[in-house]
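In what follows, a structure is listed as structure tokens, so that the remarks can point back to it.
Only the coordinates and a few stated rules stand behind these numbers; no lab work does. Please read all numbers here as calculations on a predicted model, not as lab measurements. All Cβ positions, glycine included, derive from the backbone under ideal geometry; neighbour counts span all protein chains shown.
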């Protein structure tokens with residue numbers, strides 16, 4: 001057995017995940033609509049400089065796997081939606097990537113771009129093919145370059161990390177998905193566990209490279225079997241399929257426009273609004289998504305080893321239009337999931353997703369404030385806020401901020417720097433909670449109510465000061481009307 005074959009041998013799945021693993025062809029057949037797959041693959045050449053031992057390895061791999069290389073590519077349909085696929089064949093030399101496999105992958109990525117097809121990659125690989133050395137290693141750069149050019153076209157890339165996905169594959173095209181899902185119990189990691197043990201003299205902690213741990217750490221969006229991934233991918237692509245319906249409605253709200261369900265809106269003070277938004281029964285992000293949007297796919301974490309329940313990144317339908325929603329979950333924050341650096345990093349992921357896919361961004365501001373702690377200072381939370389503001393300002397896609405409730409400090413400002421802003425009638429935005437401002441100005445909290453009026457933090461004052469474009473009155477159905485207002489503000493940017 002060659003050193004490559006030994007290193008690429010899959011680790012046994014942990015107890016409870018001993019299902020039979022699908023090969024590349026089996027995966028494609030189960031993923032796509034029946035009978036829809038058409039190969040793009042051409043015969044592969046003999047790798048340059050291959051010696052007799054390597055040629056024998058290749059011959060055995062072909063006989064054992066029934067494949068001519070470690071990856072297959074082509075196109076088909078998923079619930080009727082045309083899609084390009086590339087799938088690793090682990091039975092062929094551990095799914096390793098040499099020059100011929102890389103050539104096939106790059107050609108498929110470029111063809112998907114020419115045809116404007118969504119791309120789905122199902123990896124299962126030990127990484128670089130050792131028999132081809134550094135030249136094979138450098139192919140990961142080439143694949144990444146092709147994939148980066150593809151994503152610049154605004155086309156969606158979905159990655160499904162099968163067992164095992166390690167090494168250069170995980171460190172390149174396995175980690176660049178707009179949406180990334182892992183197979184249950186899959187070994188997914190940078191360095192194969194056998195190599196790690198051989199180099200360091202110790203084993204990885206149990207489970208650290210398993211897909212479920214990566215989900216907990218915010219590296220993948222979900223852990224699903226092949227049918228589950230098929231359903232998720234179909235939902236994502238179904239939402240994105242409506243991107244052609246972006247024609248603007250020609251709506252441009254007049255300064256001072258207000259729709260309200262309150263017969264006496266002027267009787268309420270900013271302090272009244274502060275108290276109302278702090279009520280535990282007040283609807284928040286989850287209720288807004290359920291009541292104002294259509295289909296939803298909630299993503300998870302940063303994709304880079306961090307996750308926070310304080311914020312959410314959601315691919316959603318808004319009146320038939322695909323959007324990215326980045327929102328603050330006030331209920332989760334009140335329950336102890338503070339708006340931390342990881343939460344802000346999730347926000348930035350959502351901004352990138354909107355920009356890369358060319359989708360409008362809707363932010364939802366509703367927070368008692370960013371984390372105040374030693375940990376927050378050491379994780380550079382101020383820099384995270386600044387990066388969010390800069391990211392919002394740099395977007396080339398339409399953006400609208402929805403002030404839903406509490407809007408405290410820099411944590412709120414991180415999501416408020418959109419091109420347009422709509423506010424719920426009782427929403428507010430302030431540099432500090434009124435009690436904190438009162439301490440600074442007066443030395444105690446006793447004048448918080450008075451100061452909230454003087455600072456003009458309430459939605460109606462913000463409208464009068466041209467800080468928001470539209471205020472939506474609260475009452476029956478106000479979440480739906482708030483989402484409709486956000487949709488109008490997006491349409492106004494598209495005309």
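Okay, here's what the table says:
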| read-out | value |
| --- | --- |
| FRET efficiency, 1/(1 + (r/R0)^6) with R0 30 Å, evaluated for residue 275 and residue 380 via beta carbons | 0.35 |
| For the stretch 293-336 and the stretch 192-233, distance of Cα centres in Å | 23 |
| Extension gain (nm, one decimal) between residue 203 and residue 225, 0.36 nm per residue minus Cα-Cα | 5.2 nm |
| Length-normalised contact order for the chain - Cα pairs under 8 Å, 6+ apart - percent | 12 |
| Relative contact order, percent, the stretch 140-201 [alpha-carbon distance under 8 Å, six or more residues apart] | 36 |
| Percent antiparallel among DSSP beta bridges (both partners in the stretch 249-494, rounded to 5) | 35 |
| Convex hull per residue volume in Å³, alpha carbons only, for the chain | 156 |
| Inter-label distance, nm, simple model (7 Å from Cα along the C-beta direction), residue 138/residue 331 | 5.5 |
| Relative contact order, percent, the stretch 3-240 [alpha-carbon distance under 8 Å, six or more residues apart] | 17 |
| Average silhouette area of the stretch 3-240, convex hull of alpha-carbon atoms, in square nanometres | 12.5 |
| Packing-based order for 113-124, 164-175, 292-303, 87-98, using average beta carbon neighbours within 10 Å, highest first | 87-98, 164-175, 113-124, 292-303 |
| Per residue convex hull volume, Cα atoms of the stretch 249-494, in Å³ | 120 |
| Rule-of-thumb Rg ratio for the stretch 372-495 [Cα; 2.2 N^0.38 Å; N residues] | 1.16 |
| Rounded tilt (10° steps) of 226-240 against the dominant C-alpha axis of the chain | 50 |
| Listed peptides 479-491, 448-460 by packing density, highest first (mean Cβ within 10 Å) | 479-491, 448-460 |
| DSSP beta bridges in the chain [antiparallel fraction, %, rounded to 5] | 35 |
| Structure-based [θ]222 nm, the chain - -39500 (n - 2.57) summed over DSSP H runs of at least 4, per residue, nearest 500 | -11500 deg cm²/dmol |
| Inter-label distance for residue 440 and residue 465, nm, one decimal - labels placed 7 Å from Cα along Cα-to-Cβ | 1.3 |
| Segment residue 190-residue 41, length gained on full extension (0.36 nm per residue, minus Cα span) | 50.8 nm |
| Cβ crowding within 10 Å averaged over residues, with 322-333, 55-66 ranked highest first | 322-333, 55-66 |
